[in-house]
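The values are calculated or read from the model by the stated rules, or taken from the named source; none is laboratory data. Keep in mind that what you see is a predicted model, and the values were worked out from it rather than measured. Here the Cβ positions follow ideal geometry from the backbone for every residue, glycine too, while neighbour counts run over all protein chains shown. Ligands, DNA and RNA are stripped out before the accessible areas are found, and what is left, the full protein with its side chains, is counted by its heavy atoms. Shrake-Rupley method; radii C 1.70, N 1.55, O 1.52, S 1.80 Å.
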Amino acid sequence: MELSITGLSNSGKTTLFNALTGAGIEVSPVITTDTRPVFKSVNVPDDRIDYLSTLFRPQKTTYTTIKYIDFMGFAKGETKRNRQIAELIKDSDAIVNVVRAFESGTVIHPMESVDYMRDIIVFESELILMDMELVENRLTRIEEGEKKGKKANQKEKDILIKCQKALSENRALRELDFSQQELLDMRHLQFVSIKPQLIVVNTDETTDSAGNLKISERVRNEFIKDRKNIEVITLSARVESEISQLPPDERAGFLKEMNIEKPAFYKVIESSYKLLGVISFITVGEDEVRAWTVKNGSNAQQAAGRIHSDIEKGFIRAEVVSYNDFVMMVGESGGRLPSDYMSVLKSKNRLRLETRDYIVKDGDIINFRHAK
Ligand SMILES: Nc1nc2c(ncn2[C@@H]2O[C@H](COP(=O)(O)OP(=O)(O)OP(=O)(O)O)[C@@H](O)[C@H]2O)c(=O)[nH]1
Ligand SMILES: [Mg+2]
């Protein structure tokens, strides 16, 4: 999964990137104009994988990963600069829009005052504007081609007109329903307002949890309303980046002191998973214990395809046990993993043999049987 951390200049993007990745990049009140993005992948923490790994003692333990991207910020009306950012966003699964709510005399705001509601709207308008430009250029090109006698791709034209209508009503493309086929047909168009968006309001370190909650509520009531594929969380990027610099054994105490329930690291991952509708399933064995992500609603055969296309093609059955049932079985076996754990699971009716149409659940431990 790839998440682009973006937003207006000086909103705290790099500070959040540091908090999420521990990258320790220098931040400053000077607006970044560096045109080189920074990438960093982090493991998605998963207690289930930790536990299974202690049981199986595999040669390799693999968590799912998130790749975060940090880049310069958007500026209102600066099409060329914004296009450069869009180029990067188009390959990400979602956008993390960092919005400034913290006051500071030294950090200049590109729009000269701190107003997070305005900035959310400005950012949304920039995305919509960019997509509108794309749609219109494309339609013009198609029409020119038609004049010269070239036959237009009607499917593409229909999609473009559908998008144009929504964009002209000031609606982001993420709010529209597209069929699987339409999504395939429009993949080359690379829109940005189609990306799911996680709004992260970056609040003052002095804002308490009640204050943070109030801000989230306001964004929900005044902006998100019935918009789709968009969520909001609040945090103080500065505090969070300090937390990420602490030695692990000091973190819990600091979190308690700051009255922070969950560090940003978890909050951003959890919200992004929810926003993107992804869940994890697990494979186990002496060679590897591993978490995999799939779209919620995927069937067993599609899940097999995440591992290898051969397993998807040769799919026969999936042997499935839920994580909780697995833990129970271990408990009943005296806290140890029986060497013949598959037959133990079977004898306790905890192992299910599922067909390709089975809808995979979060935390399913799956062994795929497939033809070679
Ligand atoms: N007081 C306060 N300052 C913050 C907070 N978050 C970021 N800053 C400061 O704001 C300035 C800009 O932070 P960055 O993280 O570099 O912001 P950015 O969005 O990456 O900026 P650009 O890349 O230049 O667009 C730095 O001086 C930070 O220390 C915060 O929560 N509170
Ligand atoms: Mg930055």
Next on the checklist: Checking the structure you have, find out if any residue of region 7-19 is more than 8 Å from ligand 1 (Cβ to nearest atom) and at pLDDT below 95.
Outcome noted: yes
Conditions (1) in contact (Cβ under 8 Å) with a residue 12 or more places away in the chain; (2) farther than 18 Å from Leu16 by Cα; (3) not in a helix (DSSP H, G or I) -> Ile69 fails only (2)
Would you confirm, using the coordinates I've provided, whether Pro45 is open to solvent by 10 Å² or more (accessible area, probe 1.4 Å), closer than 18 Å to Leu276 by Cβ and either in a loop (DSSP other than H, G, I, E, B) or more than 8 Å from ligand 1 (Cβ to nearest atom) (or both)? yes
Here, helices (runs of 4 or more DSSP H) confined to region 130-224 with at least 3 residues that are within 25 Å of Arg238 (Cβ to Cβ) and modelled with pLDDT of 95 or more are 209-219
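Would you check which residues across region 53-78 are of a type outside the set (Gly, Ala, Ser) and closer than 21 Å to Arg174 by Cβ and list them? Let's see the steps before the verdict.
Here is the first cut: in region 53-78, the ones of a type outside the set (Gly, Ala, Ser) are 54-72, 74, 76, 78.
Ile66, Lys67, Tyr68, Ile69, Phe71, Phe74, Lys76 - these are the residues of region 53-78 that are of a type outside the set (Gly, Ala, Ser) and closer than 21 Å to Arg174 by Cβ.
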When region 1-40 is checked residue by residue, the ones that are surrounded by fewer than 18 Cβ atoms within 10 Å (Cβ to Cβ) and assigned to a strand (DSSP E or B) are Glu2, Val38, Phe39, Lys40
Ile121 passes all but one of the listed conditions (1) at pLDDT below 95; (2) more than 16 Å from ligand 2 (Cβ to nearest atom); the exception is number (1)
Given the conditions (1) open to solvent by 10 Å² or more (accessible area, probe 1.4 Å); (2) more than 16 Å from ligand 1 (Cβ to nearest atom); (3) touching a residue at least 40 places away in the same chain (Cβ under 8 Å), every one holds for Ala101 apart from (2)
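Could you tell me which residue of region 48-81 is most open to solvent (accessible area, probe 1.4 Å), considering only residues that are within 15 Å of ligand 1 (Cβ to nearest atom) and basic (Lys, Arg)?
Taking region 48-81 first, the residues within 15 Å of ligand 1 (Cβ to nearest atom) are 68-76, 78, 81.
Subsequent filtering for residues that are basic (Lys, Arg) retains 76, 81.
Values: Lys76: 130, Arg81: 38 Å².
The selected residue is Lys76.
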